[in-house]
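Following: one structure in structure tokens, then a few remarks.
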Amino acid sequence: MISQTKTMLAAALLAAAAIASSAAIADEPAAADTGKLKSGLSSTAQLLQLMDTDKNGKVSKAEFMRFMEAEFDWADKNKDGELDPKELRHLQYALTHPTKGPGR
Ligand SMILES: [Ca+2]
Ligand SMILES: [Ca+2]
């Protein structure tokens, strides 16, 4: 009887944990939204993968700057150290299409 109560309690705790974790997912604004946002989310996830060099799930300023520097150098096609509007468009494209860009 006691072990049965414990089992019930464990099941209730598991259910509560499942509800809590699904509620946490629902709190993500993009998760509940349409396909357009989902593709935005996946490119965000791809960007995170590209930027997050120590793989801690977050992008530090150093990681961000390193990434952007590589992006800048890649976009600066004529290597004059400046981005003209056309080069800036390349950069914008690379950032919105994480499969394009330096080293990928
Ligand atoms: Ca990181
Ligand atoms: Ca340039």
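Every read-out reported here was derived from the displayed coordinates using simple, explicitly stated rules and does not represent laboratory data. What you see is a predicted model; the values in this text were computed from it and never measured. In this analysis, Cβ positions are derived from the backbone assuming ideal geometry, glycine residues included, and neighbour counts consider all displayed protein chains.
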Output wanted: per-residue J couplings in Hz (rounded whole) for the range 52-66, from phi through Karplus 6.51 cos²θ - 1.76 cosθ + 1.60, θ = phi - 60°, x for Gly and Pro. 7, 6, 8, 6, 9, x, 9, 10, 6, 4, 4, 4, 4, 5, 4
Using a Förster distance of 22 angstrom, determine the FRET efficiency expected from the C-beta separation of residue 42 and residue 72, and round it to 0.05. 0.35
